[in-house]
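One structure below.
The values are calculated or read from the model by the stated rules, or taken from the named source; none is laboratory data. Note that this is a predicted model, so its numbers are computed, not measured. Here the Cβ positions follow ideal geometry from the backbone for every residue, glycine too, while neighbour counts run over all protein chains shown. Protein only, heavy atoms only, side chains kept; ligands, DNA and RNA dropped before computing areas. Shrake-Rupley method; radii C 1.70, N 1.55, O 1.52, S 1.80 Å.
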Amino acid sequence: MILEPGQTRTVNVSLVKESRIPNREATGELKISATPSRAAVFVDNQFAGHVDEFDGVGKAMLLTPGRHSIRIALPGYLPFETVVELRPHQKLKIQTELAKGSITDAGSLVNQD
């Protein structure tokens with residue numbers, strides 16, 4: 001089944017933000033500004049929250065220094081993916097606008113059974 005933008009299907013999903021406290025080594029700061037702000041943010045393939053949680057005064061994600069893969073995704077839009085290399089105490093901001101797209105544009109990102 002292919003679901004195009006504008007079509008409606010009910011899917012019950014529950015995403016739970018992990019409540020662990022960042023460790024002492026999490027000194028890198030990442031801000032994310034993206035449209036639409038309700039898009040989900042994944043860091044190293046783990047759900048981290050939604051864009052609006054990491055944009056604005058006093059809002060940022062603490063990460064350990066090193067390489068991290070970042071994915072911003074929302075159904076009906078093409079995902080944004082990048083890799084960041086954070087140094088200790090570095091502050092970095094990602095800013096993007098997700099492009100609307102058909103699910104068929106996702107190509108290999110979609111598993112077809």
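Here are some notes:
- A simple count of charges around residue 34, restricted to other residues whose Cβ falls under 14 Å of its Cβ and scoring Lys, Arg +1 and Asp, Glu -1, yields +1.
- Nitroxide proxy distance, nm - points 7 Å out along Cα→Cβ at residue 26 and residue 11: 2.7 nm
- Calculated FRET efficiency for the pair residue 99/residue 46, C-beta based, R₀ 25 Å, to 0.05: 0.55
- List 91, 59, 31, ordered by accessible area with a 1.4 Å probe, largest first: 91, 59, 31
- Working note: Karplus 6.51/-1.76/1.60 with θ = phi - 60° gives segment 61-72 the couplings 9, 8, 10, 6, x, x, 8, 9, 8, 10, 9, 10 Hz, where Gly and Pro are set to x.
- Sequence-distant residues sharing a close amide H with residue 34 (under 5 Å, placed H): 96
- Rounded to whole numbers, the Karplus 3J(HN,Hα) couplings from phi for segment 42-52 are 10, 10, 6, 6, 10, 4, 10, x, 10, 3, 5 Hz, using 6.51 cos²θ - 1.76 cosθ + 1.60 with θ = phi - 60°, and x at Gly and Pro.
- Stretchable slack from residue 3 to residue 53, in nm (0.36 nm times residue separation minus alpha-carbon distance): 15.2 nm
- Cut-off under 5 Å, modelled amide H: who pairs with residue 90 long-range: 29
- FRET efficiency estimate (nearest 0.05) - Cβ-Cβ, residue 33 to residue 90, R0 30 angstrom: 0.95
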